[in-house]
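As C-alpha cells, the structure follows; a few thoughts come after it.
Bear in mind that the values in this text are calculations on the coordinates, not laboratory data. On a predicted model such as this, the values are computed, not experimentally measured, just so you know. Because the Cβ atoms are built from the backbone with ideal geometry, glycine has one as well, and the counts that use them run over all protein chains shown.
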Amino acid sequence: MTWQNEQFLEVLRCPVLVVGVGGIGCELLKNLALTGFSNIEIVNFYISYGDKCLNFYILWDDLDTIDVSNLNRQFLFRREHVGKPKAVIAAEAIRSIAPNVKIVCYHDSVLKEEYGVDFFQKFTVVLSALDNIGARNHINRLCLAARVPLIESGSSGYLGHATQKTYPGCTIRNTPSEHIHCIVWAKHLFNQLFGEPDDEDEVSPDLTDENLECPNISDKENGNSALNAERNDDDDPFMHDGSGGLSNRINTRKWAAENGYDPKILFRKFFHNDIKYLLSMTNLWKQRRKPFPLDWDNLPNEIASSSNKEPNAELWTVLQCKDEFKNAVSTLSKRVKDESVLSWDKDDEPAMRFVAASANLRAHIFSIPPRTLFDIKSMAGNIIPAIATTNAIVAGMIIFIKPKPNARGKILTEEVPCKPNQQCYVCSERREITLKLNVKMTTVQSLENKFLKGTLHMVAPDVMISLTGSIIISSEEGETVAISDRILEKVGVIHGCILECDDFLQRLELRIRIEHDSELKVDEFVITRDTDATAKNGQEVSEQGNKIKRSSSEATDECSPAKIRKNDGEINS
C-alpha cells in the first residue's frame, strides 16, 4: 500500500472525529484540510477524490465561544467572529479552504448521553485537542469502550500552565517596582478614559495602602497636607479625602470629556498632579526611591539605548512617549464622541500605543527601565510567543502519526506502544482501587459529586454495596435523594466494605475498597492504585500501593457534569 494506492485513499476517506477547536484544534483542522487538498494529483491526505468526499466531524466539548484573546494563536478566527461558537466558525473556515470536504459540526457538550460509545464507534480515529482534564478523561474512556484509536495532544507554552498573576492595587497605584505594574496601570487608565468605568481600574493614588496605616504617621506623611494644594490646582477636580478615597469624586471619563480630552490636561493630571500627591505621602518613600513628576513643557529627549532597527523594537524617549500619548488620545477620543465604550485590544494600534506610551511615562517617573512596543504588547496581551508555534508543531505531529503506513508497528521512535498500565483503573483488566476516607464525616453526596464525578470524572455513576446489595448512588433521577446528605457510615459504608461502581455512559465498571481513616478531614480522600495481584505461573505478585492524596478542592466545576443526580429513595443499611 503506497500513498497513491486506491486502497490507501479509501482508508483516508474514513470518518475522523476532532475534539476541541482551540489553539491546537485550529491548526489541526487547517492541516487536515490543506495537507490533502493542496495537490489533487499527488493525493496527499484527506483529499476529495472524484465525487467522493472525506467524512470530517468536529465536536467541541464546552460550548466555548471565541474571545479576543484567542485571535493571536487560533488562526481560523477573526475579529468579527468574537462571541460566536468556535466549532461553527471553524467549520465555516474549513469549508472556505476545502469546499469539497464534508464537515458535520456539533456545538454541544461531549458529556451528553447521545455522544456515548455508539457515537464514537462510527469513527476510524479520534483526534483530541482538548484542554479540559475532565473531558479528556471522558473521551479516553469512551474510546477504550468503543475500541477506537485515540490520538491525544496538548501544549503548555514553554514548559507548563501558569496561574494568571494579579497585583495588589496599592502597588499598581502607589509604588510600582516593575514595568508590568506600569502596564497594568496604563490598561486601567485606558478603561477609565475610554471604556466602561470600573472601581477596580482606579488609577489615582490609593490612601488605603497598608504602609500608611500607622498611628505614628502625621497628616503630612499620609498625604493630607497636600489636600489644599491639590484643591487649588484648577486642572484637577479629583479631591482626595483622608479615608482612602476621593471626595467630590467625578467620573474620570466624564471629566476628560468635559475637558475635550485635551492631552495636556490629561498628562498633567496623571503624570504630574497625582505624582505630587504621592510624594506628599512621605512614609511611602522612607525606604524607596522617590518618583518625580513630569512637566509637559520640559521633558528629556535622551536617545534610548537600542541596537534593534525594527520600528516596534525601538525604545522610545520620554519626549516620544509624550507625542505617542498625545496622538493616541486624539485618535481614541474621536471614537467615543457618541458615548460608545471601547474595549482594549492589543491589536488596536492606537489603543496599544496609548498603553505603551502611558506605561513608559509612568516607568520613567518611578525610575523603571522602559520597554519596547513589542515587549509591552506581549506583556499587556499575556502572549507567550511560543504558543502558536508549539501548537503548530503538535498539530503537525498528529497528522504525521495518523496517515503514516505502520507496517512495522512504528509510531515516531523505535519504542513500541506501551501495554495497558496494570495500575490504571481504566485501561487495566483489574479495575479496582482502595479509597481511604473518613466514613464518619463524609456524606453520600460528597462521595458522588466530589470524588466519583469530581476526581474520577465519572458522569452517571451507580454505586452498590457489594455485600448487602444496597444502592446508595443512582443515575436514575430521584431514586436515592433521601440519603444524599447522610453520613456514609449511616448507610452501610464502613471500613472494609466494597463498593461496585458502574458508569453506564462511559461503560466503566470499578470496584472501590473502603478504608476508614479517622485522621482525614471532611471531603479528603486518599486513593491507592493497586498493582496486578493476580497469580502468574502459580506465583502471586506482591501488592504495592501508590498513594495519592486528593482533596475535594482539586475538583473544579468544569470537571463536574452539568446534571447532578438527586435521589429520594431510602435504603436499609
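To the nearest 20 Debye, how big is the dipole of region 471-529 about its Cα centre, given +1 on the beta carbon of each Lys and Arg and -1 on that of each Asp and Glu?
180
What is the fewest-to-most order of Ile393, Ile487, Ile24 by other Cβ atoms lying within 10 Å of their Cβ?
Arranged by neighbour count, lowest to highest, Ile393, Ile487, Ile24 become Ile393, Ile487, Ile24.
Going down the list Lys490/Lys521; Lys84/Lys187; Lys30/Lys86, which pairs span over 21 Å between their C-alpha atoms?
In this structure, Lys84/Lys187 exceed 21 Å between Cα atoms.
Count the net charge of all other residues whose Cβ sits under 9 Å from the Cβ of Met464, scoring Lys and Arg as +1 and Asp and Glu as -1.
-3
Mind sorting Ile265, Ile89 by how few other Cβ atoms lie within 10 Å of their own Cβ, fewest first?
Ile265, Ile89
Through the Karplus equation 6.51 cos²θ - 1.76 cosθ + 1.60, θ set to phi - 60°, convert the phi angles of region 336-350 into ³J(HN,Hα) values in whole Hz; use x for Gly and Pro.
10, 5, 8, 6, 6, 10, 9, 10, 5, 9, 4, 8, 8, 4, x
Could you work out how far the C-alpha centroid of region 260-279 sits from that of region 506-520, in angstrom?
Centre-to-centre (Cα) distance: 63 Å.
Can you give the net charge of the other residues whose Cβ lies under 10 Å from the Cβ of Val444, counting K and R as +1 and D and E as -1?
Residues near Val444 contribute 0 overall.
Which whole-Hz couplings ³J(HN,Hα) result when phi for each residue of region 280-294 is put into the Karplus expression 6.51 cos²θ - 1.76 cosθ + 1.60, θ = phi - 60°, listed in order with x for Gly and Pro?
6, 8, 4, 5, 5, 10, 5, 10, 10, 6, 6, x, 9, x, 9
Where Lys and Arg each count +1 and Asp and Glu each count -1, what net charge lies around Leu499 among other residues with Cβ under 9 Å from its Cβ?
Value of the local net charge: +1.
Determine, from the Cβ-Cβ distance of Phe504 and Leu319 and an R0 of 51 Å, the FRET efficiency 1/(1 + (r/R0)^6), rounded to the nearest 0.05.
Between Phe504 and Leu319 the formula returns 0.10.
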